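Undergrad: Could you have a look at this structure, given as structure tokens, before my questions?
The values are calculated or read from the model by the stated rules, or taken from the named source; none is laboratory data. The structure presented is a predicted model; accordingly, all values stated were derived computationally and were not measured. Cβ placement follows ideal geometry from the backbone for every residue including glycine, while neighbour counts extend to all protein chains displayed.
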Amino acid sequence: MNYLPSDYLPIIVQLVLALGFIVITMLVTHNIGPKRNSKLKDEPFECGIEAKGDARTPISIKYFLVAILFVLFDVEVIFMYPWAVNFKKLGLFGFGEMILFMGLLLAGFYYIIKKGVLEWEK
Amino acid sequence: MNLLLLIPLLPLVGFLINGIGFKHIPKSLVGVIGSVGPVVAFILSIYAFGAFRAGNNAPVIIQLFDWITVGTLNISFSFQIDQLSLLMLLVVTGVGSLIHIYSIGYMSHDAGFGKFFAFLNLFLFFMLLLVMGSNYVIMFIGWEGVGLCSYLLIGFWNKVTNYNNAARKAFIMNRIGDLGFLLGIFLIIQTFGTVEYLPVFEKAVGMSVGDSAIAAITLLLFVGAMGKSAQIPLYTWLPDAMAGPTPVSALIHAATMVTAGIYMVVRSNVLYALAPDTLEIVAIIGLATALMAASIGLFQNDIKKVLAYSTVSQLGYMFMALGVAAYSSAMFHVITHAFFKALLFLGAGSVIHAMSDEQDIRNMGGLRKKLPITFLTFLIATIAISGIPPFAGFFSKDEILAHVYEHNKLMWALGVLGSIMTSFYMFRLLFLTFFGDFRGTHEQAHHLHESPISMTLPLMVLAVLSVVGGFMNVPHVLGGHSALATFMDPLFANAQRANPALFEHGHLDHSTEYLLMGVSVGAALLAMGAAYVLFISKKNVPAADGQESGLQKVIYNKYYVDEFYEAIFVNPMRKLSDALYSFGEFIVDGLVKGAGGLVKLSSGQLRQLQTGETGFYVFAMVVGITALLLWNFGAIIFK
Amino acid sequence: MLSIILLSIFGIVVLFLGFQKSKNILLPATLLCIAIAFAANFVHWNDAPGLYFKEMLFENRLTMSFSAIVLLSAFLVVALTRGFADDEAAQPAEYYAIILFSLVGAIMMIGFDNLIMLFLGVEILSVSMYVLTGSDKRNLRSNEAALKYFLMGAFATGIMLFGIALLYGATGSFNLTDIRGYVGTNSFSISTLLYVGLLLVLIGMLFKVSAAPFHFWTPDVYDGAPTVFTAFMSTIVKTAGFAAIYRLLSGSFEGIYNFWWFTLAAITILTLVVGNITAVYQQSFKRMMAYSSISHAGYLLLSLTAMTAQTPDAIVFYSLAYSLATVSAFGVLMAVAREKSVQSHENAEDFEAFNGLGKRNPLLAFVLTVSMLSLAGIPLTAGFWGKFFIFGTIVERGNLIWMLIVAILMSAVGIYYYFKVIIATYMKDGETGALRVPPFYRIVLIVSTTLTLLFGLIPKLLS
């Protein structure tokens, strides 16, 4: 199948329209809207409650660790699905592979527990 | 045959032990360690000789490993054992062992005893590499190595400036020669595509006589030989090299290293056979060197200087033999010369030792009663070098002269003249040193003593060799079998195939040969008689420095060659370099500094790019990628 | 291929060894692991070249040689980590495990036969390097370096991945042999996608070996990382990277040499010039070594540009010579800086640190001198023959002599800054008092120096 450059024309038209809409809207709103700055208006708005302190509060590293570990194991487990679908076709070899995979995963899991990463308070 | 590997390895081990540990090894052990290597190497060489004879004289190549491979050129680290390398091996290890043993006695009072033996062993290692290598590159490594050791040993007593200058002179003169050798090797690679002896010679056989490439190669190699073997015009370093300890002079500057040039020419005999013009040049330079050095020797008063000029002159004889394609005669003379010249130097060393480092023969005399062994052995060596039968020198020198006679009668006549001078200055030396009355100081007279056994034993062995050494190659005319020549014949088979005409000359009939022998022996005896009359009957003693006149003065000052070189080469070079220096202040310096400055400047600029900001780095990367894409695909995008 | 499996298992084992009370066992255990992997690497030495894991990986003598160099350098570098576990808060087990895992990545890069494996190898190696760069957790510069390295590395990885995708789009396969087949059969109608894809993959790889203009991360990262890992990066990553580029170009794209050689030539020249010239101005030894590593990448690229039959041998020899010299140079720096950092925290890694080293510790001075001579390419060292072989390939190619001239000029510039180190060592006066070197260091340094000299005397030994 050969595509000619002219076949891409609809896409380009679409692109131009999309970009054009954004650019024009931004230009128009900036130019026709009135600008009245005041101290009150410049304050951050948070559900009507007065803002206090710095937004960049340090958060315990443990949050990140747990979060990243969750993602890690979650993603790894996804590998189980294609395997389950093809379980019969892959047969004993596939089973062995999956055991090895799970073994490695468990080793990692064991390491994490041993290391004390999941203990919230110590 | 792997035992052969030990031959060069043993001296190296000795060098390492003495070189690394000379501060910790007791003095008594140093000499033993230093001497064991050469002696065992000598025994192994004899064994190798036997094995070689038993193996039908076939050349043996011992491949150690491939050393350098560049494209099609492959240079391997390998040894070649054949007639030539065996003869050299025997001479180098044999004479080397004797000189090592001698050094135990001679150097015993020196502070640098261990260092001395380490250098001596290192020298032996390189010398063995030189003669055993199976290609020109290995030979070159050995060649450079012996040059380095020679430099180290000449300047061994490096507290004296003169000695250092002598060492430097030797080094520089040798470098000039080495440059020729190196260019020769490059040309060999260019012409033959290999540096291994056997393939090179095999290929050379097919080339025509007088081929210009071969002529260039042989000439360049000969330049190398000139430097190492002290031929005109590169000979002046050798007499100066006598600044080194006497065993060094005996080993390096008489018996072994200086014959490397001869070895190289004999090794390349096929190439030289194809270049008759080069051979002619070799012969003429050899003859000129022989005559000039001999005449300088006539009036020298330093015992070692006389011997040094004698060495230069004898080397000239050898080159003359090479020039008339008498390769085996040249090798024969190398061997006999190694015996008697080493003996002469060691004897001189014994004398110097006894005289408390006095070297001027005008201050000696009558030593034969105090140093009987030294005197006897020195006498034998003198007879041998003068060419009086049946001592070693007679046979070898006579053979050379016979070949020269076949080649050119005038050269023969001049050769005989040289041998007259040789005989004269040697007997002059002998008579002045050992006969007459003692002319030294009272203290010296009191101190006179015969040297210890470790010094006299090598003298005696060498004396025996100087007496019987000639019998290894007794010519047919005297009822011998030319054993050495027959042994070496296979070496020249290729050369004979390549240029048969060179080896075709009418055989001298017996009566001519007898006549030639008679003339040279008669001449030598005559010179001896003259010396006897002058220095024993009339008790002449050479005048003090500066009292000579006329021709004698010119000769005494070595024809002013050193001054000539000083005026022609050294001073202009110095002036030129001065001029260039001041000139360079502006231009050369400017260029160098400019280039350096440019590098520094651009370096400073480029450094600015390293801002430390990741954003900029990524930006630079993107610019790079865009540039590459545009460059490669710009044509498609902007079509 | 056995070595990959072994190293993966060993990595996990070392990780768990870390729970042991005594941390002293870790170093010997890691060294043992690498030694075993080194031996296992040669199991198939005498077999015919083979494909493994469903044609994912490839193994022949060349890949085994590269792996051997990587493992040897790793062994030497790891041996230099002695004293690493002394810090209370350090987690040596994890670093050792990461080192072992990174070696798996390196060997995969060396022997990939499928672009997926190339990507996987590059990522395993790179991610390990990001972590190791930042291993000095309390040092801001180390953190900065790690983050920089990570950001830029991720960027380069993205570009490489994009290139791989384009290659797949053009040829319909990740397999090197299939791509080669495509290039061979469609020589007149090769899709533009393939060219663009190749270029992008090359750019990604060139980033990893720090070729200009993708080199900017190198000085900062080398400077910031702990010296041991700088040594690790500059030897192992470089060797593996060049093995991978060689494998990619020779395995699939020899047919379109005329397309890529000029691009590579331009990058080579730029790399040589930038690396050598910028190195001149550096005051810090580590930064100088970083630029020097850029310039050595240039020499290796030179041989890749030539791409003759001798190229693989030349690269193997050069990588080995370069790795040995680099390990000894960094080893000496560590020995000197360790002493110095005790007294003051500033400038411990400048050239001045070497002042008077010749008197303080002749061994270290000698090792450093040999290493610098080898890097500069002075005869009787392995580096000389490395350059010699590299230049030989250029000469063999014939029409690239102009590159050779640039390279020789640049190596003359190189002599300047390498000799600056030697001069500082022997001619400048610095602190006095003998410098003590732990025996472990001494052994590593002596081994690498001996090998450098040995290969310098007898280059044929390696064949």
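Undergrad: With respect to residue A:77, is the statement that it is within 30 Å of residue C:5 (Cβ to Cβ), modelled with pLDDT under 90 and in a helix (DSSP H, G or I) true?
TA: Numbers: within 30 Å of residue C:5 (Cβ to Cβ): yes; modelled with pLDDT under 90: yes; in a helix (DSSP H, G or I): yes.
It is true that residue A:77 is within 30 Å of residue C:5 (Cβ to Cβ), modelled with pLDDT under 90 and in a helix (DSSP H, G or I).
Undergrad: Kindly evaluate residue B:187 against the criterion of being surrounded by 19 or more Cβ atoms within 10 Å (Cβ to Cβ), assigned by TED's automatic domain parsing to the domain that holds residue B:254 and either in a helix (DSSP H, G or I) or in contact (Cβ under 8 Å) with a residue 24 or more places away in the chain (or both).
TA: On the way: surrounded by 19 or more Cβ atoms within 10 Å (Cβ to Cβ): no; assigned by TED's automatic domain parsing to the domain that holds residue B:254: yes; either in a helix (DSSP H, G or I) or in contact (Cβ under 8 Å) with a residue 24 or more places away in the chain (or both): yes.
The answer is no for residue B:187.
Undergrad: Against the condition surrounded by 18 or more Cβ atoms within 10 Å (Cβ to Cβ) and more than 14 Å from chain C (Cβ to nearest Cβ), how does residue B:16 come out, does it pass? Reasoning before the result, please.
TA: Values: surrounded by 18 or more Cβ atoms within 10 Å (Cβ to Cβ): no; more than 14 Å from chain C (Cβ to nearest Cβ): yes.
Here the answer is no, as residue B:16 does not meet what is asked.
Undergrad: Next question. For region B:98-127, what are the residues that are hydroxyl-bearing (Ser, Thr, Tyr) and crowded, with 23+ Cβ neighbours inside 10 Å?
TA: Quick first cut of region B:98-127, residues hydroxyl-bearing (Ser, Thr, Tyr) only: B:102-103, B:106, B:108.
If the condition is that a residue be hydroxyl-bearing (Ser, Thr, Tyr) and crowded, with 23+ Cβ neighbours inside 10 Å, then B:102, B:103, B:106 are the ones that fit.
Undergrad: Also, quick follow-up: From the list B:366, B:316, B:347, pick out the single residue that is surrounded by fewer than 21 Cβ atoms within 10 Å (Cβ to Cβ) and either outside any loop (DSSP other than H, G, I, E, B) or on the phi > 0 side of the Ramachandran plot (or both).
TA: Working: B:316 fails: surrounded by fewer than 21 Cβ atoms within 10 Å (Cβ to Cβ); B:347 fails: surrounded by fewer than 21 Cβ atoms within 10 Å (Cβ to Cβ).
The match here is B:366.
Undergrad: Taking region B:599-622 as the search range and keeping residues that are within 30 Å of residue C:193 (Cβ to Cβ) and facing another protein chain (nearest Cβ under 7 Å), which one is surrounded by the most Cβ atoms within 10 Å (Cβ to Cβ)? First the steps, then the outcome.
TA: From region B:599-622, those within 30 Å of residue C:193 (Cβ to Cβ) are B:617-622; that's our starting set.
Right, trim to facing another protein chain (nearest Cβ under 7 Å) and you get B:617-618, B:620-621.
Working: B:617: 24, B:618: 17, B:620: 17, B:621: 21.
So, considering only residues that are within 30 Å of residue C:193 (Cβ to Cβ) and facing another protein chain (nearest Cβ under 7 Å), the one surrounded by the most Cβ atoms within 10 Å (Cβ to Cβ) is B:617.
Undergrad: Looking only at residues in region B:132-179 that are of a type in the set (Lys, Arg) and under 16 Å from the mean Cα position of the chain (by Cα), which one is surrounded by the most Cβ atoms within 10 Å (Cβ to Cβ)?
TA: Of the residues in region B:132-179, the ones of a type in the set (Lys, Arg) are B:159, B:168-169, B:175.
Right, trim to under 16 Å from the mean Cα position of the chain (by Cα) and you get B:169, B:175.
Details: B:169: 21, B:175: 13.
Filtering first and then ranking leaves B:169.
Undergrad: Then there is this: For region B:513-548, enumerate the residues that are modelled with pLDDT under 75, loosely packed, with under 13 Cβ neighbours inside 10 Å and in a helix (DSSP H, G or I).
TA: The answer is B:537, and nothing else.
Undergrad: Counting just the residues of region C:265-289 that are surrounded by fewer than 24 Cβ atoms within 10 Å (Cβ to Cβ) and either small (Gly, Ala, Ser) or assigned to a loop (DSSP other than H, G, I, E, B) (or both), which one comes out nearest to the other protein chains (Cβ to nearest Cβ)?
TA: Filtering region C:265-289 for residues that are surrounded by fewer than 24 Cβ atoms within 10 Å (Cβ to Cβ) and either small (Gly, Ala, Ser) or assigned to a loop (DSSP other than H, G, I, E, B) (or both), the one nearest to the other protein chains (Cβ to nearest Cβ) comes out as C:281.
Undergrad: Among the residues of region C:177-192, how many are within 12 Å of another protein chain (Cβ to nearest Cβ) and closer than 18 Å to residue C:116 by Cα?
TA: 0
Undergrad: Quick one: which of C:447, C:395 is surrounded by fewer than 19 Cβ atoms within 10 Å (Cβ to Cβ), in a helix (DSSP H, G or I) and more than 14 Å from every other protein chain (Cβ to nearest Cβ)?
TA: Details: C:395 fails: more than 14 Å from every other protein chain (Cβ to nearest Cβ).
From the options C:447, C:395, the qualifying one is C:447.
Undergrad: Out of region B:149-171, which residues are closer than 19 Å to residue B:126 by Cα, in contact (Cβ under 8 Å) with a residue 24 or more places away in the chain and outside any loop (DSSP other than H, G, I, E, B)?
TA: Once the filter is applied, which keeps residues that are closer than 19 Å to residue B:126 by Cα, in contact (Cβ under 8 Å) with a residue 24 or more places away in the chain and outside any loop (DSSP other than H, G, I, E, B), region B:149-171 yields B:149, B:150, B:152, B:153, B:154, B:167, B:170, B:171.
Undergrad: Starting from region C:109-134, keep only residues that are among the β-branched types (Val, Ile, Thr), then list their pairs with residues that are not in a helix (DSSP H, G or I) whose Cβ atoms are within a distance under 9 Å, requiring at least 6 positions of separation or different chains.
TA: C:116/C:56; C:116/C:174; C:133/C:225; C:133/C:226
Undergrad: Then there is this: Does residue C:294 satisfy being surrounded by 23 or more Cβ atoms within 10 Å (Cβ to Cβ) and aliphatic (A, V, I, L, M)?
TA: Working: surrounded by 23 or more Cβ atoms within 10 Å (Cβ to Cβ): yes; aliphatic (A, V, I, L, M): yes.
Yes, satisfied.
Undergrad: For the condition under 27 Å from the mean Cα position of the chain (by Cα), under 30 Å from residue C:224 (Cα atoms) and either surrounded by 16 or more Cβ atoms within 10 Å (Cβ to Cβ) or within 11 Å of another protein chain (Cβ to nearest Cβ) (or both), what is the one hit in C:167, C:147? Lay out the reasoning, then the answer.
TA: Details: C:167 fails: under 30 Å from residue C:224 (Cα atoms).
Just one listed residue meets the conditions, C:147.
Undergrad: Could you tell me which residue of region C:3-37 is nearest to the other protein chains (Cβ to nearest Cβ), considering only residues that are polar (S, T, N, Q) and exposed (fewer than 14 other Cβ atoms within 10 Å of the Cβ)?
TA: Just the residues of region C:3-37 that are polar (S, T, N, Q), to begin with: C:3, C:8, C:20, C:22, C:24, C:30.
Next cut, exposed (fewer than 14 other Cβ atoms within 10 Å of the Cβ) only: C:20, C:22, C:24.
On the way: C:20: 12, C:22: 17, C:24: 20 Å.
For region C:3-37, the residue satisfying everything is C:20.
Undergrad: Now a separate question. Considering each of C:209, C:201, C:221, C:196 in turn, give the residue that is at the interface with chain B (Cβ under 10 Å from one of its Cβ atoms), touching a helix residue (DSSP H, G or I) at 6+ places or on another chain (Cβ under 7 Å), among the β-branched types (Val, Ile, Thr) and under 27 Å from residue C:265 (Cβ atoms). Don't jump to the end; show me each part of the working.
TA: Numbers: C:209 fails: at the interface with chain B (Cβ under 10 Å from one of its Cβ atoms); C:201 fails: at the interface with chain B (Cβ under 10 Å from one of its Cβ atoms); C:221 fails: at the interface with chain B (Cβ under 10 Å from one of its Cβ atoms).
The conditions single out C:196.
Undergrad: Being under 22 Å from the mean Cα position of the chain (by Cα), within 14 Å of chain B (Cβ to nearest Cβ) and surrounded by fewer than 17 Cβ atoms within 10 Å (Cβ to Cβ), is that true of even one residue in region C:418-438?
TA: Scanning region C:418-438, I find no residue that is under 22 Å from the mean Cα position of the chain (by Cα), within 14 Å of chain B (Cβ to nearest Cβ) and surrounded by fewer than 17 Cβ atoms within 10 Å (Cβ to Cβ), so the answer is no.
Undergrad: In region A:9-41, what residues are within 30 Å of residue A:51 (Cα to Cα), part of a helix (DSSP H, G or I) and more than 31 Å from the chain's Cα centre (by Cα)? First the steps, then the outcome.
TA: Step one: list which residues in region A:9-41 are within 30 Å of residue A:51 (Cα to Cα), which gives A:26, A:29-30, A:33-41.
Subsequent filtering for residues that are part of a helix (DSSP H, G or I) retains A:26, A:29-30, A:39-41.
If the condition is that a residue be within 30 Å of residue A:51 (Cα to Cα), part of a helix (DSSP H, G or I) and more than 31 Å from the chain's Cα centre (by Cα), then A:29, A:30, A:39, A:40, A:41 are the ones that fit.
Undergrad: Just a yes or no: is a residue in region B:391-414 over 30 Å from residue B:283 (Cβ atoms) and either in the same structural domain as residue B:325 (by TED's automatic domain parsing) or within 27 Å of the chain's Cα centre (by Cα) (or both)?
TA: Filtering region B:391-414 for residues over 30 Å from residue B:283 (Cβ atoms) gives none.
For region B:391-414, residues over 30 Å from residue B:283 (Cβ atoms) and either in the same structural domain as residue B:325 (by TED's automatic domain parsing) or within 27 Å of the chain's Cα centre (by Cα) (or both): absent.
Undergrad: When only residues in region C:94-111 that are crowded, with 24+ Cβ neighbours inside 10 Å and β-branched (Val, Ile, Thr) count, which is nearest to residue C:6 (Cα to Cα)? If you could, list the steps in order and put the result at the bottom.
TA: Pass one, region C:94-111, residues crowded, with 24+ Cβ neighbours inside 10 Å: C:95-97, C:99-100, C:102-103, C:105-111.
Next, from what is left, pick out any that are β-branched (Val, Ile, Thr): C:99, C:107, C:110.
Details: C:99: 13, C:107: 12, C:110: 17 Å.
Per the stated criteria, the residue is C:107.
Undergrad: Quick check: is even one residue across region B:217-227 in a loop (DSSP other than H, G, I, E, B) and touching a residue at least 40 places away in the same chain (Cβ under 8 Å)?
TA: Of region B:217-227, the ones in a loop (DSSP other than H, G, I, E, B) are none.
No, because not a single residue in region B:217-227 is in a loop (DSSP other than H, G, I, E, B) and touching a residue at least 40 places away in the same chain (Cβ under 8 Å).
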